[in-house]
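See structure below.
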């Protein structure tokens, strides 16, 4: 019974109360005594055997005065408390006795050492069980980096912005400042930091998020082999693998891997990409101060990025920068005086990655195609497989693009073409596309390329082959003729050979094939030289020339010069095959290179850690005789001085450089070209009609409504009635060439030929002295008995325009010729070249 209950009982006057709990053992013993038959509560108060007091005969307790749980006054409280203390003491003695029996020193020590042994066994098991995994895909993924001839990055293509470099490309001070900032014991530790890792595991278990304390080796393992997830399992794996890696891999290899896999902010991975992103230079060109800032970024890339950091973030970045340098002094890698010289250098602002916008996209596409062709040949794989191999990344591709020349080409197109277009006023202006390629003939390097106004919205017109070569193909026919050097009847062919220049002259190609191409306006030129036929681009002359040489021979020469295969039917004499500016640049560069095959290359060097390095060799073997190539150059100088290409040597361009070239315009005016060269530079410029998105309300050559990408006429573009090679293409060519040559050049063609208007005519032989008359009259002969001569080369060439019938209209126009084109092909204008 509690004290409160006792007090309440006394207040009610009940001196005797029944206990709330069962009788104690003493009470039970009393009941078994002599007075056991007398019920409790009926004994007189104060009796010696009164169980309600504390008398000596109290049988309810264990000692004098012990209560039974019943009480009249406060004496029972004291007895109850004493009982409880004694009972508690007995229980404590019993508990201590039990603990002493269970937890002996021997058992404690045995358990402790057993746990150590189990831990060691588990560690050994983990070490044996956990293998070094294969690198994860993200760690090995790289972008493809494209650089111009000066080494400046022009595009970084790929999902992961990373360019892996070796330690030989990372200066020693940069390596050391990273170690000083991240892991001072790197070169001495076993690859792990047990204390730091334990703290990391504990914090992970406690949900405190990402924690530091890992060594460079552990961070490398996490980046290269594992994931970025924060779990105990991953942390344990990291620890075990780091131990193994440190035993199997050199510290230098680990450091290189760490520098190439770490994230530096601004979306870039690896120190090479970081150097470009923050300082616009390669890692090998970083200063110590710049390297210290990049080392600081590793702790908090986004917080320490100077461009977006708060004032607090900037202060922390500078503190981390100083910390790294101070650690270098402490480690003996930097003297105090050198440390004092270090000044914090702010990084550049983030520049929008030009990516594939503008001309960069066209340049990248052309380089990728060239590399794919190389891989197809060397690895014997398909085009699809080659492109996939490139897209896997890791390529550093340096292109031959000359920054100054590229700007000059872009400016020439803008000034001479795009600034004159007004799609809002003229629907056709929305269809005008330009493409150009410029090549150094001595090296074969593509120094400038123009594929269109914006690579994100247009085809690359510099490499498109679905438009005709048109009359830029005529020099190829002459080259084949000069190589074979004879007509069907055995007469030698030279630029002075005479051909019938009349329109629709029927020409026999043998095998029952005849061809009668019309000239512009159906004008007749009479008998003219090949030189004159080239100057004025007379169709009938080159049809006759092709028939004499044989179209199979023409095809063979064309392919030797670098053109793709084509069906050698008569219409090809006028260039009705498809050819890109890049194709024709190779042909004309071979002429300029005196007959040595030039395969223009946009790639200077392509490097890959696994595939090695490839350096193209654009200059090949002699494919046509030097005299042939030089004669073509000589003849084409007539085109620029007195023919359809004279635009390039008039006005502000007069006397600024020597030039040779040929114009070309296809039927229906869907394209126009000028292919020309100086001794130093070969450039082909094309203007093409391609329907914009939705067709632009324009019509195809067959008169049907155009869809996006269909060929359409250029008539009226730029406010001009018709577009010819002598117009926009020639003006772009001249403006570009003048700029690319820094305002002009005194270079002269070095020609080994005595043919064509580009060389001085042979000296005139003094006629012999007339012999004295004889006494006998001269023998006379009937002139009708004199056999006629068929040698057209005995007739001197004539450049007198009055000897030819006057022409009407544009002299570059060449009407269509029929070769049974596919009527269902919306882009079919093949076989219908003009100029």
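The values are calculated or read from the model by the stated rules, or taken from the named source; none is laboratory data. Being a predicted model, the structure only gives us computed values, none of them experimental. Using ideal geometry, Cβ is built from the backbone for each residue, glycine included, and neighbour counts are taken over all protein chains shown.
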Flagged in the range 268-285 as over 18 Å from residue 394 (Cβ atoms), touching a residue at least 12 places away in the same chain (Cβ under 8 Å) and surrounded by fewer than 24 Cβ atoms within 10 Å (Cβ to Cβ), in numbering order, are 277, 279, 280, 284
Regarding the range 463-473, can at least one residue be identified that is closer than 17 Å to residue 634 by Cα and free of Cβ contacts under 8 Å to residues at least 60 places away in the same chain? no
From 345, 389, residue being under 24 Å from residue 273 (Cβ atoms) and assigned to a helix (DSSP H, G or I): 389
Mind listing whichever residues of the range 495-522 are in contact (Cβ under 8 Å) with a residue 40 or more places away in the chain, assigned to a loop (DSSP other than H, G, I, E, B) and out of contact with any strand residue (DSSP E or B) (no Cβ under 9 Å at 6 or more places or on another chain)? 518, 519
Criterion (at pLDDT below 95, assigned to a helix (DSSP H, G or I) and in contact with a helix residue (DSSP H, G or I) (Cβ under 6 Å, 6 or more places away or on another chain)) met by exactly one of 361, 313, 291: 313
Is one or more of the residues making up the range 469-491 within 33 Å of the chain's Cα centre (by Cα) and under 21 Å from residue 718 (Cβ atoms)? no
When the range 124-148 is examined, which residues are found to be at pLDDT below 90 and in a loop (DSSP other than H, G, I, E, B)? 130, 131, 132, 133, 134, 135, 136, 141, 142, 143
Given the condition without any contact (Cβ under 8 Å) to a residue 40 or more places away in the chain and surrounded by fewer than 22 Cβ atoms within 10 Å (Cβ to Cβ), answer yes or no: does some residue in the range 429-439 qualify? no
Quick one: would you say residue 366 is buried (at least 16 other Cβ atoms within 10 Å of the Cβ) and either touching a residue at least 40 places away in the same chain (Cβ under 8 Å) or in contact with a helix residue (DSSP H, G or I) (Cβ under 7 Å, 6 or more places away or on another chain) (or both)? yes
Identity of the residue in the range 717-732, assigned to a helix (DSSP H, G or I) and touching a helix residue (DSSP H, G or I) at 6+ places or on another chain (Cβ under 8 Å), that ends up nearest to residue 438 (Cα to Cα): 732
Within the range 436-448, work out how many residues are in a strand (DSSP E or B) and more than 16 Å from residue 418 (Cβ to Cβ). 7
Looking at 709, 703, 727, 695, which one is more than 19 Å from residue 581 (Cα to Cα) and either at pLDDT 95 or above or touching a strand residue (DSSP E or B) at 6+ places or on another chain (Cβ under 9 Å) (or both)? 695
Residue count for the range 536-582, restricted to those that are touching a strand residue (DSSP E or B) at 6+ places or on another chain (Cβ under 9 Å) and part of a helix (DSSP H, G or I): 19
Options 467, 499; residue that is out of contact with any helix residue (DSSP H, G or I) (no Cβ under 9 Å at 6 or more places or on another chain) and crowded, with 21+ Cβ neighbours inside 10 Å: 467
Scan the range 402-428 for residues that are in a loop (DSSP other than H, G, I, E, B), out of contact with any helix residue (DSSP H, G or I) (no Cβ under 6 Å at 6 or more places or on another chain) and crowded, with 17+ Cβ neighbours inside 10 Å and jot them down. 402
Do we have any residue at all in the range 486-493 that's touching a helix residue (DSSP H, G or I) at 6+ places or on another chain (Cβ under 6 Å) and either more than 29 Å from residue 554 (Cβ to Cβ) or buried (at least 24 other Cβ atoms within 10 Å of the Cβ) (or both)? no
Criterion (surrounded by 15 or more Cβ atoms within 10 Å (Cβ to Cβ) and in a loop (DSSP other than H, G, I, E, B)) met by exactly one of 325, 334: 334
